[in-house]
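K.L.:
What follows is a single structure, and I will ask about it in a moment.
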Amino acid sequence: MRILIVLSWVVLLSACTQPISKNSRQEYAVAMPDKFAADVALAVLAEGGNAVDAAIAAQFSLAVTFPEAGNIGGGGFMTIYFNQQADFLDYREVAPGAATREMYLDNEGNVITTQSLFGAKASGVPGTVSGMWEAHKKYGKLPWKRLVQPAVGLAKKGFVVPEKLAGKVSRYIERKQQNGIDGNFEDYFDAATQAGSLFKQPELAATLERIRDLGLEGFYKGETANHIVSYMQKEGGLITLDDLAAYQAKWRTPITFPWRGYTLITAPPPSSGGIAVAQWLGMIETVIQSNPLPKQNSTAYLHLVSEAGKRVFADRAEYLGDPDFIDVPQTELMIPEYIQSRAQDINLTAISATDEIQPGLYESEDTTHFSIVDSAGNAVANTTTINLSFGAGVVAEGAGFLLNDEMDDFSAKPGVPNYFGAIGGEANAIAPYKRMLSSMTPTIVLENESVKLVTGSPGGTTIISSVAQSILNTLLFNMDAEEAANSPRFHHQLLPKDTIRVHPGIDEATIQALKDMGYIIKESRFGDVHLILQNHGKLTAASEKNGRGKAAVVSIP
Ligand code: GLY
């Protein structure tokens, strides 16, 4: 592999991690995937809590009211801009100690997909509680108990089930039954989650009370840990008491890079998202420096962004994985000359052959995201996941929370796509205590040293497209927050070949022109963007209308 090290870029990257001057404002904002988490976060901010306090309270609240993705049984990433510093918290799940590279292969070496997607064996060791605890220790202002208590109340006293949640639960049960998937999901979520009914979760409430009162020990040791491990032993899962006791969320250096006069702060490995967004934006920038900027969502725009996406996903499959286990060539993949060279062979009017796109030489989805800016100008972008909707589809009995199926984010076998159609190889092979590669891309953009944009989305590999396009919509096409969050998006990831997934709403003539070029167009929604945008010192916040989110900006009198 040829490594091009460009000193000026390295200098620029380190310059971006220098202290950034504080920007006080008289307003705060949230963009949340549901109204319960939004109200919980707003109450924390109103009480003088900071953005990280609000994020911790929202994360626990979502574990109760947004069970398809909010969690204590999964993991996530938190990008932070606090007191003039960029920071990043990795609370991604890890493979259990007994995990092996071939654990999802049958005797003939074929992948048994259901095993990495459903049931106890699909679950990595959860990282969320450790993550929230670390965030609290480093940045917390309000007491831990104050931040966990709203979730306890929502689980104990119940909340009125929104129609969209009830719909998701019933569709999930239907699909699960159609596909003959076992598990205890219905015992917890069936009759109890009718739209408009009060949904109480007593086991989850007791677990949250232990977390509230005992902190880390309320989850990774004692009663909660015993419930998890008993369930694993009963159902063939691998997580042990030692695995739980050993789990540790990690502080990492975020990826920071300059783009069009802004500074982006985003997710480093084990996320693929930060490198992918840097490459995607960089390739588009390269092309528009010597060609006219295509109109947003025109045929030429979808083609250009898809061609760049092909190259992004070829690199993702080859190079990215857990940096504690493999050497991720992060700097090299982000060198401007490298990104420019990747854009050189993009033909603006014809599709490139998929099998010619190799990694550079140097070179339902679910999950949920929220964005917060506090009155001191601190920001949190937090994306959290149990992987598919409702994770592994099973609840840790006695502890009352859904387990993740994050093990499917590993590459079970080189070249065999996972649920999201992502392929991978050695870099993302399963190993004990390794973190599986993610696409979660919580991102904060700075302008003149203050927060310009906080953004993120769920959606597996489509997260990267949603985040990149939310940045392009706001900062290249100057859309306001609502329009940027709701403008139809599209996604191309190298494979399946020449296939672009599009939201409903892309112009018919554009779709036809893309088909005429040879693209296969699949219409389906993905993602759920929650963003906060600052223009001329004023915040605006938006949650994508298709979801059940709530965004709010509060001015302090
Ligand atoms: N489970 C989806 C992701 O982490 O990318």
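Read-outs throughout are calculated quantities, based only on the coordinates presented, and are distinct from any laboratory measurement. Just so it is clear, the model here is predicted, and its values are computed rather than measured. Backbone-built Cβ (ideal geometry, glycine too); neighbour counts: all protein chains shown.
K.L.:
Show me the ranking of peptides 74-86, 332-344 by mean Cβ neighbours inside 10 Å, starting with the highest.
P.N.:
74-86, 332-344
K.L.:
Related question: Write out the GluC sites (Glu not before Pro) in the stretch 188-219 meeting two conditions: DSSP loop, and at most 11 other Cβ atoms within 10 Å of their Cβ.
P.N.:
none
K.L.:
Something else about it: Can you list which of the trypsin sites (Lys or Arg not before Pro) found in the stretch 481-557 are DSSP loop residues with at most 16 other C-beta atoms within 10 Å?
P.N.:
Taking the stretch 481-557 and a limit of 16 other Cβ atoms within 10 Å, the loop trypsin sites (Lys or Arg not before Pro) found are K497, K545.
K.L.:
Between the DSSP loop rule and a limit of at most 13 other Cβ atoms within 10 Å, which GluC sites (Glu not before Pro) in the stretch 84-183 are left?
P.N.:
Hits after loop and neighbour filter: E102, E108.
K.L.:
Which percent of Cα pairs goes in each bin when the distances of the stretch 452-550 are cut into 5 angstrom slices starting at zero?
P.N.:
With 5 Å bins starting at 0, P(r) equals 3, 14, 23, 22, 17, 12, 6, 3, 1, 0.
K.L.:
Rounded, prolate or oblate for the stretch 352-412? Axes are the square roots of the Cα gyration tensor eigenvalues, ordered a ≥ b ≥ c, and the cut-off for rounded is a/c under 1.5.
P.N.:
oblate
K.L.:
Would you mind listing how long the chain runs along its three principal axes, going by Cα atoms, in whole Å with the largest first?
P.N.:
Here the spans come out as 67, 61, 46 Å, largest first.
K.L.:
How many percent of DSSP beta bridges within the stretch 316-471 run antiparallel, rounded to 5?
P.N.:
Roughly 95 percent of the DSSP beta bridges within the stretch 316-471 come out antiparallel.
K.L.:
Follow-up. Where a ≥ b ≥ c are the square roots of the eigenvalues of the C-alpha gyration tensor, would you call the stretch 111-248 rounded, which needs a/c under 1.5, or, failing that, prolate if a/b is larger than b/c, or oblate?
P.N.:
Taking the square roots of the gyration eigenvalues as a ≥ b ≥ c, the stretch 111-248 is oblate.
K.L.:
Still on this structure: If the reach is capped at under 14 angstrom between alpha carbons, list the aspartates and glutamates near K200, excluding any in the same chain fewer than eight residues apart.
P.N.:
D187, D190
K.L.:
Now for a different question. When a/c reaches 1.5 or more, the comparison of a/b and b/c decides; with that in mind, is the stretch 191-316 rounded, prolate or oblate per its Cα gyration tensor?
P.N.:
prolate
K.L.:
If you split all Cα-Cα distances of the stretch 21-159 into 5 Å bins from zero, what percentages do you get per bin, shortest first?
P.N.:
2, 9, 16, 18, 17, 12, 9, 7, 5, 3, 1, 0, 0
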